[in-house]
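Please read the structure below before turning to the comments.
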Amino acid sequence: MIQQVVGVVMSGVFHASILFLVSAGLQVVFGVQKIFNLACGSFYALGAYVGVSAVGWYAAAGGPPALFIVPLAVAGLAAGGVGLVVERGLLRFVYDRDETFQLLLTFAVVLMMEDAIRMTWGTSPRSTSGLYLVYGGVSVLGTTVPVYNLIVIGASLAIALVIGWLLTRTAFGRIIRATADNREMAEALGVDVRRVFAGVFTLGTALGTLGGALVIPATAAMSEMGIELIVEAFAVVVIGGLGSMRGAFVGALSVGILRAIAISVYPKLEMLLIYLIVIAVLVLRPRGLFGEARA
Amino acid sequence: MSGRLVLAAALGAIVLAPLAASTYHVLLMLPFMAYAVALLGLNLLFGYTGLVSFGHALFLGIGAYTGAVLTSVCGVRSMEVILVAAGALGALVAAPVGALCVRYVKIYFGMLTLAFGMVFYTFVLKFYRLTGGDEGMPFLRPALLGWSLERMPKTDYLVGPYYYYSLAVLVLATLAMWRVVGSPFGLCLKTVRDNPTKAETLGIGVARYRWYAFVISAVYAAVGGALLGPPTGNVDPTLAYWTQSGNIVFMTLLGGFASFFGPILGAFVFIYLQDWVMSVVPFWRLVFGAILASIVIVAPGGLAGLWERRAVEREASRA
């Protein structure tokens, strides 16, 4: 019994740590730029494919298998560069427009990215063969947990702490929060909002692509993985509250663990349960658990 | 005046199409007419009331599954009964869903509708004993106006009786919607869109009017969804997925949400352009994503917006 519980919780937390990265990217972009980025799932898928390729090259070049996580993470972060292209090439033209148009523009990015991935990597699923088990497993209360999962959970926690530190303790974080609070006032005080927006969107994208790269040893990369993840990330930010980092953390944990429980108890409920919770939160407490109050 | 002429020409072309155009292109008209009906409703919400739903595939799905269940489980084969049932069920679901959704606007409205859409999608996907899961359900050939057309070859049925049946539904739906948007009720919706505070002061119950628009749009979407079934003869959950909701908003924007006929034009261009692009390159999403991005950035009024701008410029140069 206890083994099952530990197994379910551990797989839930692993999924949660990936979800956290993607939704943290969604949150930072929404918090500062007020754009709900539907394409964050596509960035996640891109990160996954770039990760598979990077690990493939690394293995072909004869790198030690135990260090595969290094090229994986580097590739994941580097893929975040596409965020800069999207922001400079598309999003910057619509900052003054209605939210609806911003949302639709990110939907256009979803469409384009999906086919761009198919063009580059083909339609069949890609996976990194066998690397997942390079680190072996450890026994936690009688259940074997892959060490790789623990590494990802640790990395996600570390990233959460770094983001928290970045936003609250550094000058860059203060500028970001000031811009999020009052863009015009920040601009009047000499903040180059264009650069802040470009930086924030790239950061948000890199969190998504990193999440995609890190998940890849545990699962296969498929072209639909992006549009499937976006609805989960969406559930996370609704439960946690739009724009809040703490919300992303708590939301990701709840969605990850609830989903794992639902899968092990009654698989049919899986996402249905999550969406019902999302609706309940939106109806009862639309700003989520940690969202800022809106007039 | 020239607008009316264009409209009459378009209608004439649609009526004559089965006689002149290739069967393949005539068959493509069927999803176009089904989507056109759904988009008339969606645009009452988007263009006239100012609410963008990212979950209207929910109602397309309800309409299509109503038809599938009625024909293949209940043995009801009358298309009129199917359409009425689809509309009624759409309204029945939209009433509570809409009541919750219209409490919010903009991004929160979009998110809530998306969540409801995904609830329905997951439901039809997971409860395969009821819905056939990802394989979907057969939508058996319905009888039209009491005529059972079982013996007719499928293509003859679709390009003949079913084509004109769909067209009749589209024309009726258009006329009804024309009355709706031209009525005082339609004007109230526009007021709600442009200035909710003022509307409230004038005694218009803002939330109530948004709810009306939501329910009407759901009925249209459900009827459109039911029309989508017979051409393929099968209904599957992808029809209710959130990207489908995105696609119909895309069609509306492509044609022009600010204009009454814009969305119908959008559905037409979307379907034929998609077919053409897919025949040239397999990556239609890439091309369509680029088109959507350029519309959003350069021409938010869509094709109808470009047309109107040209007309205005012509007026101006004449003066």
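Structural remarks
- Filter result for the condition that a residue is more than 17 Å from A:D115 (Cβ to Cβ) and either of a type in the set (A, V, I, L, M, F, W, C) or in contact with a strand residue (DSSP E or B) (Cβ under 9 Å, 6 or more places away or on another chain) (or both), over B:V269, B:V280, B:V287: B:V269
- Test: residue in the stretch A:47-59 that is surrounded by fewer than 23 Cβ atoms within 10 Å (Cβ to Cβ) and modelled with pLDDT under 85: yes
- Options A:T123, A:T106: the member that is of a type in the set (S, T, N, Q), in contact (Cβ under 8 Å) with a residue 12 or more places away in the chain, more than 7 Å from chain B (Cβ to nearest Cβ) and not in a loop (DSSP other than H, G, I, E, B): A:T106
- Top-ranked residue of the stretch A:79-91 - restricted to ones that are in contact (Cβ under 8 Å) with a residue 40 or more places away in the chain and surrounded by fewer than 22 Cβ atoms within 10 Å (Cβ to Cβ), ranked as nearest to B:A293 (Cα to Cα): A:R88
- Test result for B:T252, surrounded by fewer than 19 Cβ atoms within 10 Å (Cβ to Cβ), among the polar types (S, T, N, Q) and within 28 Å of B:L11 (Cα to Cα): no
- Screening the stretch A:259-292 for residues that are touching a Gly at 6+ places or on another chain (Cβ under 8 Å) and closer than 25 Å to A:G204 by Cα and picking the one that is surrounded by the fewest Cβ atoms within 10 Å (Cβ to Cβ) gives A:E292.
- Residue selected from the stretch B:229-246 under the condition at the interface with chain A (Cβ under 10 Å from one of its Cβ atoms) and assigned to a helix (DSSP H, G or I), by the criterion surrounded by the most Cβ atoms within 10 Å (Cβ to Cβ): B:S245
- Qualifying residues in the stretch A:126-147 (those that are hydroxyl-bearing (S, T, Y) and touching a residue at least 24 places away in the same chain (Cβ under 8 Å)) - the one farthest from the other protein chains (Cβ to nearest Cβ): A:Y135
- Selection count where residues are under 27 Å from B:S78 (Cα atoms) and crowded, with 16+ Cβ neighbours inside 10 Å, scope the stretch B:172-203: 3
- Some residue of the stretch B:195-205 being part of a helix (DSSP H, G or I), among the hydrophobic types (A, V, I, L, M, F, W, C) and within 23 Å of B:I264 (Cβ to Cβ): no
- In the stretch B:183-221, the residues that are touching a Cys at 6+ places or on another chain (Cβ under 6 Å) and under 15 Å from B:R103 (Cβ atoms): B:Y209
- The single condition among (1) modelled with pLDDT of 80 or more; (2) more than 14 Å from every other protein chain (Cβ to nearest Cβ) that A:A116 does not meet is (2).
Condition check ((1) among the aromatic types (F, W, Y); (2) within 27 Å of B:Y241 (Cβ to Cβ); (3) without any contact (Cβ under 8 Å) to a residue 24 or more places away in the chain) across all residues:
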site: A:V52; (1), (2), (3): no, yes, no
site: A:L67; (1), (2), (3): no, no, yes
site: A:V74; (1), (2), (3): no, no, yes
site: A:E99; (1), (2), (3): no, yes, no
site: A:M112; (1), (2), (3): no, yes, yes
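- Only listed residue being in a helix (DSSP H, G or I), aliphatic (A, V, I, L, M) and either in contact with a Ser or Thr (Cβ under 8 Å, 6 or more places away or on another chain) or closer than 26 Å to B:T23 by Cα (or both), chosen from B:V249, B:V296, B:V219, B:V312: B:V249
- If you go through the stretch A:126-163 and pick out every residue that is outside any helix (DSSP H, G or I), of a type in the set (S, T, N, Q) and closer than 27 Å to A:A60 by Cα, you end up with 3.
- Criterion violated by A:T219 - all others in (1) touching a residue at least 12 places away in the same chain (Cβ under 8 Å); (2) surrounded by fewer than 22 Cβ atoms within 10 Å (Cβ to Cβ); (3) under 30 Å from B:G98 (Cβ atoms) satisfied: (3)
- Only one of the listed residues (B:V52, B:V93, B:V119, B:V76) is surrounded by 24 or more Cβ atoms within 10 Å (Cβ to Cβ) and touching a helix residue (DSSP H, G or I) at 6+ places or on another chain (Cβ under 7 Å). That residue is B:V52.
- Search result, residues across the stretch B:96-116 that are surrounded by fewer than 21 Cβ atoms within 10 Å (Cβ to Cβ), more than 9 Å from chain A (Cβ to nearest Cβ) and among the aliphatic types (A, V, I, L, M): B:A99, B:V105
- When B:V280 is tested against the conditions (1) closer than 21 Å to B:H25 by Cα; (2) more than 14 Å from every other protein chain (Cβ to nearest Cβ); (3) free of Cβ contacts under 8 Å to residues at least 12 places away in the same chain, the lone failure is (2).
- Residue list for the stretch A:87-117, filter: within 17 Å of the chain's Cα centre (by Cα) and within 30 Å of A:G154 (Cβ to Cβ): A:M113
- Screening the stretch A:84-103 for residues that are of a type outside the set (V, I, T), more than 18 Å from B:F288 (Cβ to Cβ) and part of a helix (DSSP H, G or I) and picking the one that is farthest from the other protein chains (Cβ to nearest Cβ) gives A:L84.
- Residues that are surrounded by 15 or more Cβ atoms within 10 Å (Cβ to Cβ) and more than 10 Å from B:L27 (Cα to Cα) within the stretch B:150-159 comprise B:M152, B:Y157, listed in sequence order.
- Selection from the stretch B:256-277 of residues that are touching a Leu at 6+ places or on another chain (Cβ under 8 Å) and within 14 Å of chain A (Cβ to nearest Cβ): B:G256, B:G266, B:F270
- Which listed residue, of B:A299, B:A304, is farther than 30 Å from B:Y157 by Cβ and within 14 Å of chain A (Cβ to nearest Cβ): B:A299
- Taking each residue of the stretch B:178-207 that is hydrophobic (A, V, I, L, M, F, W, C) and looking for partners that are loosely packed, with under 15 Cβ neighbours inside 10 Å with beta-carbon atoms closer than 6 Å, six or more apart or interchain, yields B:V206/B:E200.
- Within the stretch A:125-153, tally of residues that are under 19 Å from A:A48 (Cα atoms) and loosely packed, with under 14 Cβ neighbours inside 10 Å: 3
- Residue within the stretch B:82-94 that is part of a helix (DSSP H, G or I), under 22 Å from B:P300 (Cβ atoms), in contact (Cβ under 8 Å) with a residue 60 or more places away in the chain and within 17 Å of the chain's Cα centre (by Cα) present: no
The values are calculated or read from the model by the stated rules, or taken from the named source; none is laboratory data. Being a predicted model, the structure only gives us computed values, none of them experimental. All Cβ positions, glycine included, derive from the backbone under ideal geometry; neighbour counts span all protein chains shown.
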